[in-house]
1. Working carefully through the options Arg73, Arg32, Arg7, find the one that is at pLDDT 90 or above and of a type in the set (Lys, Arg).
2. For segment 25-43, does any single residue satisfy the condition of being open to solvent by less than 60 Å² (accessible area, probe 1.4 Å) and among the polar types (S, T, N, Q)?
3. Right, Arg41: of a type in the set (D, E, K, R) and closer than 22 Å to Cys97 by Cα or not?
4. Tally time: how many residues in segment 43-63 are among the hydrophobic types (A, V, I, L, M, F, W, C), within 13 Å of the chain's Cα centre (by Cα) and in a helix (DSSP H, G or I)?
5. Output the residues belonging to segment 68-87 that are open to solvent by less than 50 Å² (accessible area, probe 1.4 Å) and either in contact with a strand residue (DSSP E or B) (Cβ under 9 Å, 6 or more places away or on another chain) or on the phi > 0 side of the Ramachandran plot (or both).
6. When you look at Gly101, is it open to solvent by less than 40 Å² (accessible area, probe 1.4 Å) and among the small types (Gly, Ala, Ser), yes or no?
7. Looking at (1) over 25 Å from Val15 (Cβ atoms); (2) not in a helix (DSSP H, G or I), can you tell me which one Ile82 breaks?
8. Go through segment 64-79 and report how many residues are closer than 24 Å to Tyr23 by Cα and outside any loop (DSSP other than H, G, I, E, B).
Amino acid sequence: MDTATLRSAMQETYVSDGIITAYLPHFEEAMRAAQINTVRRAAAWCSQIGHESSGLRYMAEIQTSGPDWTWDRTRYRGRGPIQLTWQGNYRRFGAWCREAGYIAD
């Protein structure tokens with residue numbers, strides 16, 4: 001995948017080609033790790049990442065608390081381009097990363 005393909009697959013973004021180029025190897029590795037290996041899966045992946053990160057502009061949730069937010073929601077707020085949220089999801093993702101060999105602890 002090249003920068004132009006990635007840019008056209010996602011919603012409009014205002015980040016530079018340099019930033020997209022820097023993200024590209026990680027983006028492709030994440031797709032391989034998640035077995036995103038069909039056009040339909042790639043389209044869904046790109047659209048979800050584009051939506052969650054507002055076109056790759058935000059790697060953490062903008063709003064950090066609210067009147068109805070629990071400690072879990074505040075501490076484990078959305079992070080990363082997919083905006084991983086909640087303690088249980090952080091734990092499951094951490095376990096998956098450990099099992100896949102991405103982390104040691």
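1. On the way: Arg73 fails: at pLDDT 90 or above; Arg7 fails: at pLDDT 90 or above.
Checking each option against the conditions leaves just Arg32.
2. Filtering segment 25-43 for residues open to solvent by less than 60 Å² (accessible area, probe 1.4 Å) gives 27-28, 30-31, 33-34, 36, 42-43.
Keeping just the survivors that are among the polar types (S, T, N, Q) gives none.
No, segment 25-43 has no match at all.
3. Numbers: of a type in the set (D, E, K, R): yes; closer than 22 Å to Cys97 by Cα: yes.
So Arg41 fits the description; yes.
4. Taking segment 43-63 as the starting set, the residues that turn out to be among the hydrophobic types (A, V, I, L, M, F, W, C) are 43-46, 49, 56, 59-60, 62.
Checking the rest, the ones that are also within 13 Å of the chain's Cα centre (by Cα) come to 44-46, 49, 56, 59-60.
This time we only want the ones that are in a helix (DSSP H, G or I), so: 44-46, 49.
Residues in segment 43-63 being among the hydrophobic types (A, V, I, L, M, F, W, C), within 13 Å of the chain's Cα centre (by Cα) and in a helix (DSSP H, G or I): 4 in total.
5. Tyr76, Arg77, Gly78, Gly80, Gln83, Thr85
6. Values: open to solvent by less than 40 Å² (accessible area, probe 1.4 Å): no; among the small types (Gly, Ala, Ser): yes.
When the stated conditions are applied, Gly101 does not pass them.
7. (1)
8. So the count comes out to 1.
The values are calculated or read from the model by the stated rules, or taken from the named source; none is laboratory data. It should be emphasised that the depicted structure is a prediction, and the values quoted were computed from it without experimental measurement. Note that each Cβ is placed from the backbone with ideal geometry, even for glycine, and that neighbours are counted across all protein chains shown. Ligands, DNA and RNA are excluded from the accessible area calculation, which covers all protein heavy atoms including side chains. Shrake-Rupley method; radii C 1.70, N 1.55, O 1.52, S 1.80 Å.
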